[in-house]
Amino acid sequence: MTGIDPALSAWQLAGLGIDTGVDLGKLVETSTWLAARLNRPSSSPMVQAFTPSVC
C-alpha cells in the first residue's frame, strides 16, 4: 500500500477526539463500493476490518 489511507486517518483522528466531520460509515461504504466497481479488494486495513466478507 502506498500513500495515506483516508479511512484509517479519519478513524485515528476520531480516536484522539479530533472531529474531522467525516462520516466513517459512509467513507467505508464508499470505499467498498469503489473497490467492487474496480473489481478488486480494498487495500485499506480500516475498510477490511469493517467489511471482512467483502475484502
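Structure data summary
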{"read-out": "Close pairs from the range 28-43: first under 14 Å from Leu8 (Cβ atoms), partner part of a loop (DSSP other than H, G, I, E, B), Cβ under 7 Å, at least 6 apart", "value": "Val28/Thr51; Ser31/Ser42; Ser31/Ser44; Ser42/Cys55; Ser43/Met1"}
{"read-out": "Neighbours by Cβ (under 7 Å, 6+ apart or cross-chain): first from the range 1-23, over 18 Å from Ala35 (Cβ atoms); second open to solvent by less than 70 Å² (accessible area, probe 1.4 Å) and not in a helix (DSSP H, G or I)", "value": "Leu13/Thr20; Ala14/Thr20"}
{"read-out": "Those residues of the range 1-40 which are touching a helix residue (DSSP H, G or I) at 6+ places or on another chain (Cβ under 7 Å), over 16 Å from Thr51 (Cα atoms) and outside any helix (DSSP H, G or I), in sequence order", "value": "Thr20, Val22"}
{"read-out": "Filtered residues of the range 30-54 (kept if modelled with pLDDT under 90 and either open to solvent by 60 Å² or more (accessible area, probe 1.4 Å) or of a type in the set (D, E, K, R) (or both))", "value": "Pro41, Ser43, Gln48, Ala49, Phe50, Pro52, Ser53, Val54"}
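The values are calculated or read from the model by the stated rules, or taken from the named source; none is laboratory data. This one's a predicted model, so the numbers in the text were calculated from it and none came from an experiment. Note: ideal-geometry Cβ built from the backbone for every residue, glycine included; neighbour counts use all protein chains shown. These area figures cover heavy atoms from the full protein model, side chains too; ligands, DNA and RNA do not enter into them. Shrake-Rupley method; radii C 1.70, N 1.55, O 1.52, S 1.80 Å.
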